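The values are calculated or read from the model by the stated rules, or taken from the named source; none is laboratory data. Since we're looking at a predicted model, the values are computed, not measured. Glycine gets a Cβ as well: all are built from the backbone with ideal geometry, and neighbour counts include every protein chain shown.
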Amino acid sequence: MRLRDKVAIITGSSRGLGAAIAEAYAKEWADVVVTYNTSKDEAFKVAESVSSKLVVHLDVRDRETIKEAFKKSYETFGKIDILVNNAGINRPADFDKQTEEEWNEVIDVNLTGVFRCCQEVLPYISDGGKIINIGSLSGEYGGPRTPSYAVAKMGMMALTHNLARFLGPRNICVNTLSPGVIANEFTEKTMAPHVKEMAMSLLLIKRFATYDDMVGAAVFLASDESNYITAQTISVNGGAWVR
C-alpha cells in the first residue's frame with residue numbers, strides 16, 4: 001500500500017509498459033488515471049482491471065488534449081500526485097535511411113510531448129509529487145538503429161535534470177526510468193536477428209526484460225521511499241554496458 005491516497009496519471013497507459021505500471025500502481029492502492037490516444041477500447045479494459053475511476057484521451061502532440069486530461073483528473077480527484085510520461089513511438093532506421101519526417105515525428109512525441117505534459121501538469125501536481133519520465137537504454141548509448149529515438153530519450157534525460165532543478169523548491173522529484181530492451185511484440189517485429197544478438201551481448205543478465213522487471217522501479221520512484229531522489233536516471237537494463 002505504498003501509494004495509498006496517491007493520484008497517478010500515466011500517459012500511454014492503454015497497453016504495454018504504461019498498462020503494466022497502471023496495474024502495479026493500483027496494487028499499491030493508488031487512484032490511477034488511464035490515458036489513451038488511439039487505443040480507446042484497450043484503455044477501458046485496463047481501467048476495468050485497475051478499478052480506475054477515470055479514462056481520458058491524451059495525445060501528447062496536442063496541448064489542448066493534455067490540458068483537458070489534467071483538468072479532468074484534478075476535478076475528479078482534487079489533486080495529481082504522480083505523472084508518468086510513458087507515451088512514445090519509434091521509427092527504427094539506420095542513420096542514413098532515417099527520413100526527416102520520421103525524425104520529426106519521434107522527437108515530437110518522445111521529447112516535445114514530455115515537455116508539453118510537464119508544463120501543463122504544473123498547476124495541478126501536488127508539492128512533494130513525483131514526475132517519472134520513461135527513457136530507454138537507447139538514449140544512454142545512442143542506438144543502434146534508432147537515431148531519432150536515441151536522441152529523444154537522451155534529450156529527455158536532460159529535460160529531467162532541468163525540471164528537477166526548477167521544481168526542487170516544491171519538493172517535487174523528477175527522475176528518468178530507463179528500461180533496457182523489453183521482450184514484446186514490437187521488439188519481435190522491428191529488431192533484426194543481428195541487432196538482437198548485439199543487444200544481448202551488452203547484457204550481464206542474459207535475457208531481455210519483461211514489463212514485470214520494470215514496475216518495481218516505477219513504484220519505488222512514485223512512492224515516499226524515493227523522496228530524496230531527484231534528477232537521476234535509474235537504469236533497469238540487466239547490467240547493459242557498451243564495449
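Structure notes:
- Single residue of segment 4-17 satisfying the filter (under 13 Å from the mean Cα position of the chain (by Cα) and part of a loop (DSSP other than H, G, I, E, B)) that is surrounded by the fewest Cβ atoms within 10 Å (Cβ to Cβ): R15
- Search result, residues across segment 30-46 that are in contact with a Leu (Cβ under 8 Å, 6 or more places away or on another chain) and farther than 14 Å from F77 by Cα: T35, Y36, N37
- Residue among N133, N162 that alone is under 24 Å from G78 (Cα atoms) and modelled with pLDDT of 95 or more: N133
- Filter result for E120 (charged (D, E, K, R), within 19 Å of A231 (Cα to Cα), crowded, with 16+ Cβ neighbours inside 10 Å and in contact (Cβ under 8 Å) with a residue 24 or more places away in the chain): no
- Some residue of segment 18-29 being surrounded by fewer than 21 Cβ atoms within 10 Å (Cβ to Cβ), among the hydroxyl-bearing types (S, T, Y) and outside any loop (DSSP other than H, G, I, E, B): no
- Residue among E48, E42 that is assigned to a helix (DSSP H, G or I) and surrounded by fewer than 16 Cβ atoms within 10 Å (Cβ to Cβ): E48
- Residues within segment 111-137 that are farther than 20 Å from P92 by Cβ and not in a helix (DSSP H, G or I), tallied: 12
- Scanning segment 230-238 for residues that are small (G, A, S), crowded, with 18+ Cβ neighbours inside 10 Å and more than 19 Å from A87 (Cα to Cα) turns up at least one hit.
- Count - residues of segment 78-93 that are in contact (Cβ under 8 Å) with a residue 60 or more places away in the chain and in contact with a Lys or Arg (Cβ under 8 Å, 6 or more places away or on another chain): 4
- Unmet criterion (only one of (1) among the hydroxyl-bearing types (S, T, Y); (2) in contact with an Asp or Glu (Cβ under 7 Å, 6 or more places away or on another chain); (3) within 26 Å of Y25 (Cα to Cα)) for T112: (2)
- Near pairs, Cβ below 8 angstrom, 6+ apart or cross-chain, from segment 39-54 (aliphatic (A, V, I, L, M)) to any residue that is part of a loop (DSSP other than H, G, I, E, B): A43/S13; A43/S14; V46/S13; V46/S14; V46/R15; V46/S52
- Yes/no for A20 being over 23 Å from E105 (Cα atoms), touching an Asp or Glu at 6+ places or on another chain (Cβ under 8 Å) and in contact (Cβ under 8 Å) with a residue 60 or more places away in the chain: yes
- Among (1) part of a helix (DSSP H, G or I); (2) surrounded by fewer than 22 Cβ atoms within 10 Å (Cβ to Cβ); (3) out of contact with any helix residue (DSSP H, G or I) (no Cβ under 8 Å at 6 or more places or on another chain); (4) of a type outside the set (F, W, Y), the one test that E140 misses: (3)
- Scanning segment 181-188 turns up one or more residues that are modelled with pLDDT of 85 or more and buried (at least 18 other Cβ atoms within 10 Å of the Cβ).
- Any hit, segment 150-167, residues being small (G, A, S) and in contact with a Ser or Thr (Cβ under 8 Å, 6 or more places away or on another chain): yes
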